[in-house]
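Structure first, commentary second.
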Amino acid sequence: MTDETKTAEAFAPAGGEAASGLPTEEVARLSDEIVGALKTVYDPEIPADIYELGLIYKVDIADDRTVTVDMTLTTPNCPSAQELPIMVENAVSSVAGVGPVTVNIVWDPPWDQSRMSDEARATLNMW
């Protein structure tokens, strides 16, 4: 999955509606900076960032700049299950112009290696 595909997928508005009442340029800036922030978060046991691993399923930027992130973990028994959502919340909150951030852990669809980007596959030598 390419980075551009992942970004479009993660930030795709539900139901085909406009993502928010914010100006398009501002949504694009926030989206780019949020992706950049997400790429700073690494699973402590895997040397690849959570965005490239495909753990981010959806990012919703509301009109009031509230951000909701739906993410998953590589396994329900992930030893980092407590700390990763906090790390994601802190990273996204650091983006200028972002309001309150909520991180939801979701299990549907279950994560599998097909969600990883080529960059993550190269890093993990998983071809």
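The values are calculated or read from the model by the stated rules, or taken from the named source; none is laboratory data. None of these values were measured; they are calculated from a predicted model. Every residue, glycine among them, receives a Cβ derived from its backbone with ideal geometry; neighbour counts consider all protein chains shown. Protein only, heavy atoms only, side chains kept; ligands, DNA and RNA dropped before computing areas. Shrake-Rupley method; radii C 1.70, N 1.55, O 1.52, S 1.80 Å.
Out of Val27, Val41, Val35, report the one residue that is open to solvent by less than 50 Å² (accessible area, probe 1.4 Å) and modelled with pLDDT under 95.
Every option except Val27 fails the conditions.
Would you please name the residue that is least open to solvent (accessible area, probe 1.4 Å), looking only at residues in the range 44-54 that are among the charged types (D, E, K, R) and over 20 Å from Ser93 (Cβ atoms)?
Glu52
Which one is farthest from Gly36 (Cα to Cα) among residues in the range 55-104 that are open to solvent by 60 Å² or more (accessible area, probe 1.4 Å) and among the hydrophobic types (A, V, I, L, M, F, W, C)?
Ranking the candidates gives Ile86 first.
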